[in-house]
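Encoded as structure tokens, the structure appears first; notes follow it.
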């Protein structure tokens, strides 16, 4: 099985259109390393019967675990991500997508490159290391025992990282004044975009017509909410910054030649928010995922790629010889 997994990872490095081409003797596609490790028929047989649970112990009832078919290996890998490394001061929560068109946990997320697939909530370090990975399996997953909805999801993902002065970056899907107060009480700052229909927000902020560069804000410590007009209105919430402007390092306005200024919170958000996209980009670069009708195999190979990516990020951090994305 170690050889099987090794070949799967190698297939992410050596891209070919079909599995059979890895064992072909045609000069155009010849890669003798694969045939030296394992025969094609043996690899195909292992791939065909790759399974992660005992069907005889299938749970019954409406409240059964929807990930029971892959639960053991899913928990093993996701828990190892947390055991191997602890994130730094800046962490990011965002959604990631595993491209998937078959049955199972297919969702639609228009903001992602892979619009259809299995959605996962990821908590990443600024380096792109995936610290927590939680597959979305239904609305029941958006809560813990005490807190319901998206605040419950965020508190679950941040479990073990609170009360240490970290800064959490999120987009407007998660952010709200209620969640910001919850996290501030646990010594964790929030910075991110905001939907202005959230409860507890001043209604007059959205009624003002702003010109480019204008900014209006309201403060109720520890929360600051502001609307800044760039090419369009940008709505923001932060418990770390005020509404002051700052110069963007290395950027100059093409028309005026003057340094570009943005709110300090926006500059910090742009700097760190791409961590989840960085992780997704690195996973897709050398992905070992093959076409399959089984969602369990799709998820397993994605987790395998994610484990390899995390290992690479740690290697780059420790050796300081390789510059990752």
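The values are calculated or read from the model by the stated rules, or taken from the named source; none is laboratory data. Computed from a predicted structure; not experimentally measured. All Cβ positions, even for glycine, are placed from backbone atoms using ideal geometry, and neighbour counts span all protein chains on display.
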I need the helices (runs of 4 or more DSSP H) fully contained in the stretch 234-325, keeping only those with at least 2 residues that are within 24 Å of residue 13 (Cβ to Cβ).
275-285, 295-319
For residue 102, all conditions in the list (1) surrounded by fewer than 16 Cβ atoms within 10 Å (Cβ to Cβ); (2) within 15 Å of the chain's Cα centre (by Cα) hold save one; what is the number of the exception?
(2)
Selection from the stretch 21-39 of residues in contact with a helix residue (DSSP H, G or I) (Cβ under 7 Å, 6 or more places away or on another chain) and at pLDDT 90 or above yields 22, 23, 31, 34, 37, 38
Any residue that is loosely packed, with under 15 Cβ neighbours inside 10 Å, at pLDDT below 90 and on the phi < 0 side of the Ramachandran plot - is there at least one of those in the stretch 83-97?
no
Listed residues 165, 200, 250; which is under 30 Å from the mean Cα position of the chain (by Cα) and touching a residue at least 60 places away in the same chain (Cβ under 8 Å)?
165
Strands (runs of 3 or more DSSP E) wholly inside the stretch 131-233 that include at least 3 residues being at pLDDT 90 or above and more than 29 Å from residue 278 (Cβ to Cβ)
215-220
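Yes/no per residue for (1) in the same structural domain as residue 185 (by TED's automatic domain parsing); (2) surrounded by fewer than 18 Cβ atoms within 10 Å (Cβ to Cβ); (3) farther than 27 Å from residue 94 by Cα:
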| position | (1), (2), (3) |
| --- | --- |
| 212 | yes, yes, yes |
| 225 | yes, no, no |
| 230 | yes, yes, no |
| 233 | yes, yes, no |
| 244 | yes, yes, no |
The residue from 46, 5, 28, 50 that alone is in a loop (DSSP other than H, G, I, E, B), at negative phi and surrounded by 11 or more Cβ atoms within 10 Å (Cβ to Cβ) is 50
The correct count of residues that are without any contact (Cβ under 8 Å) to a residue 60 or more places away in the chain and either in the same structural domain as residue 164 (by TED's automatic domain parsing) or surrounded by 13 or more Cβ atoms within 10 Å (Cβ to Cβ) (or both) in the stretch 180-197 is 12
Looking at the stretch 98-107 only, could you name the residues that are touching a helix residue (DSSP H, G or I) at 6+ places or on another chain (Cβ under 8 Å) and part of a strand (DSSP E or B)?
98
